[in-house]
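In what follows, a single structure is set out as structure tokens and then discussed.
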Amino acid sequence: MRVLNYLELESRLDRSGIGTAADQQRAALSTTDVSVCTSPWAGGSPPRAVGSALRGHGAFREYDVAHCNMIGPGSIAVARRALWTGTPLVLHAHVTREDFAESFRGSTHLAGPLGRYLRWFYSQADLVLCPSAYTKRILESYPVEAPIRPITNGVDTASLAGFEDLREEYRDRFDLSGLVAFSVGNVFERKGLTTFCRLAEETDYEFAWFGPYDSGPQASETVRRWTTNPPENVTFTGWVDDKRGAFAAGDVYLFPTKAENQGIAVLEAMACGKPVVLRDIPVFEEFYTHEYDCLKCETRAEFRDALNRLASDPDLRERLGENATETAADHSLERVGEKLVDAYRSVRDRTDG
């Protein structure tokens, strides 16, 4: 079976969770007998596809199943072509109106119209994949009129191998010492930026956020305010070339996010054996257990108490970290590959029938 695994605007999304998810899908599929192409266009790009069409050879490559990871015009073109040719269409719901809000300037105001667009877009699919049962419930509430199947994004443990060796280098690079509470990923208010910084103001620990942030006109006022004038014990590193250094330098993964479809970096932290502190939101109920593989908090006071507990109790840090490693193992790319192949076969068989 030949499958298109398409990420529109791939070069611009390489630093995003969506880019990581697509990379992991392809790595997972490499462990199966599925053949993958990553561009729908004849010649590999839209301009070359136009040339191919003008020569009478068609604009699209041939594949048995189309799987799109984004929601823009290129993905719409793939969806329309799938409908016209009867090719099974899988759309991956990485984007919801709930996790779009509080991401960049104006995003909250656009979330409502985006929800209406997503309802139309995802409803074209023969099958919608999403990272969690929580996201499935969100999509059903729009409502999306297509079958929806949750499949974990998984965690690429191979990409984290050897992270321990980078601890001293990255702590020296960013002048970090003592217990470091850290986060990894794009800096958004939705991901709990204000809570992260307020906790730093209220404690004596070091805080580090490894990941890019906007500073131009598209940046939200909140991101611009905190990154321009952070508390003395907060470091915003910007983009780091090797994510392993982030997981090596930090001690407690702190993620007070307000909304997620899953959160790949949480699984990466767990795979590295780090104790994890999370906001107690619905999506995490299906994956993680309070006091077993993480600590879950609702208020800033609870977050502060969790950090204090972990700072004073190395045995608790070790126990949570060991259990977290086991949890991450349940999200291996081998299992993701098996689930993707099963999804492709089921949608192909259904459309053929």
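The values are calculated or read from the model by the stated rules, or taken from the named source; none is laboratory data. As the structure is a computational prediction, the values presented were derived from the model and not from experiment. A quick note on method: Cβ atoms are made from the backbone with ideal geometry, for glycine too, and the neighbour counts reach across all protein chains shown. Each accessible area value is taken on the protein alone, full model and side chains, heavy atoms only, with ligands, DNA and RNA left out. Shrake-Rupley method; radii C 1.70, N 1.55, O 1.52, S 1.80 Å.
Quick rundown of the values:
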read-out: Residue 190 vs. criteria over 17 Å from the mean Cα position of the chain (by Cα), of a type in the set (D, E, K, R) and either in a helix (DSSP H, G or I) or under 29 Å from residue 131 (Cβ atoms) (or both); value: no
read-out: Residue that is nearest to residue 14 (Cα to Cα), among those in the range 192-238 that are at pLDDT 95 or above and among the aromatic types (Phe, Trp, Tyr); value: 210
read-out: Subset of the range 12-60 [assigned to a loop (DSSP other than H, G, I, E, B), modelled with pLDDT of 95 or more, of a type outside the set (Ser, Thr, Tyr) and open to solvent by 60 Å² or more (accessible area, probe 1.4 Å)]; value: 33
read-out: Within the range 167-204, considering residues that are open to solvent by 10 Å² or more (accessible area, probe 1.4 Å) and aliphatic (A, V, I, L, M), the one nearest to residue 240 (Cα to Cα); value: 184
read-out: Search result, residues across the range 271-310 that are open to solvent by 40 Å² or more (accessible area, probe 1.4 Å) and over 21 Å from the mean Cα position of the chain (by Cα); value: 290, 291, 292, 298, 299, 300, 301, 302, 304, 305, 308, 309
read-out: Qualifying residues in the range 119-163 (those that are of a type in the set (S, T, N, Q) and surrounded by fewer than 17 Cβ atoms within 10 Å (Cβ to Cβ)) - the one nearest to residue 263 (Cα to Cα); value: 141
read-out: Selection from the range 21-57 of residues that are small (Gly, Ala, Ser) and touching a helix residue (DSSP H, G or I) at 6+ places or on another chain (Cβ under 6 Å); value: 27, 28, 42, 43, 49, 52
read-out: The one condition in (1) acidic (Asp, Glu); (2) open to solvent by 60 Å² or more (accessible area, probe 1.4 Å); (3) touching a residue at least 24 places away in the same chain (Cβ under 8 Å); (4) closer than 27 Å to residue 156 by Cβ that residue 8 fails to fulfil; value: (2)
read-out: All positions within the range 129-156 that are over 19 Å from residue 17 (Cα atoms) and in a loop (DSSP other than H, G, I, E, B); value: 142, 143, 144, 145, 146, 147
read-out: Every pair of residues 6+ apart whose Cβ atoms lie under 7 Å, when the first sits in the range 290-307 and is of a type in the set (Ser, Thr, Tyr) while the second is open to solvent by less than 60 Å² (accessible area, probe 1.4 Å); value: 292/323
